[in-house]
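Chemist: Quick one: structure below, then a few questions.
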Amino acid sequence: MPKDSKIVNDKTIIAFDFGLQKIGVAVGNILTKTTTPLDIIYFRTGTNLWKDIELLLDEWKPSSIIVGDPINMDGTVSEMSCRARKFAQRVHGRFAIKVLMVDERLTSFEAKSLSLRTKVSKGYANGNIDSLAAEIILTSWMKISA
């Protein structure tokens, strides 16, 4: 087998909490039901978002990706939901990986609340709210899909 062949790990899932300035990232294992927040991917002038995502996917080799869908509280599609869905389509198109959208209503609120209660744990105290939100999205998906 060539060195650069990717071996897909059918137990690993990556989750994204999409935002216009940054994307929170978390990784999870569906067998052990464990999740961990990762670094935030920032949109900055001169950076290559797709290269950052490619490096992440090469490192973790997930079987699929979860993207939070920020629909409105009444269940209607928001402008951010449209953008998150477009991002999900682009990830799928660029990397040929299965991408699922998951309702993320109130995950940022929950992440901020948890961050305030959790002083030093998993990097939450460092203001890593976006990756914590991605972890909450991933945990929610694991609860409903398993």
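The values are calculated or read from the model by the stated rules, or taken from the named source; none is laboratory data. Predicted, not measured: the structure shown is a model, and the values here were computed from it. Don't worry about glycine lacking a Cβ; one is built from the backbone with ideal geometry, like all the others, and counts go over all protein chains shown.
Chemist: Here are the criteria: (1) aliphatic (A, V, I, L, M); (2) out of contact with any helix residue (DSSP H, G or I) (no Cβ under 8 Å at 6 or more places or on another chain); (3) under 15 Å from ALA134 (Cβ atoms); (4) without any contact (Cβ under 8 Å) to a residue 40 or more places away in the chain. Tell me which single one LEU55 does not satisfy.
Modeler: LEU55 satisfies all of (1) aliphatic (A, V, I, L, M); (2) out of contact with any helix residue (DSSP H, G or I) (no Cβ under 8 Å at 6 or more places or on another chain); (3) under 15 Å from ALA134 (Cβ atoms); (4) without any contact (Cβ under 8 Å) to a residue 40 or more places away in the chain except (3).
Chemist: Would you say PRO70 is under 20 Å from SER140 (Cα atoms) and over 12 Å from the mean Cα position of the chain (by Cα)?
Modeler: Judged against the criteria, PRO70 is a match.
Chemist: While we're here: Taking LYS61 as the residue in question, decide whether it is surrounded by fewer than 18 Cβ atoms within 10 Å (Cβ to Cβ), modelled with pLDDT of 90 or more and of a type in the set (D, E, K, R).
Modeler: For LYS61, the condition - surrounded by fewer than 18 Cβ atoms within 10 Å (Cβ to Cβ), modelled with pLDDT of 90 or more and of a type in the set (D, E, K, R) - is met.
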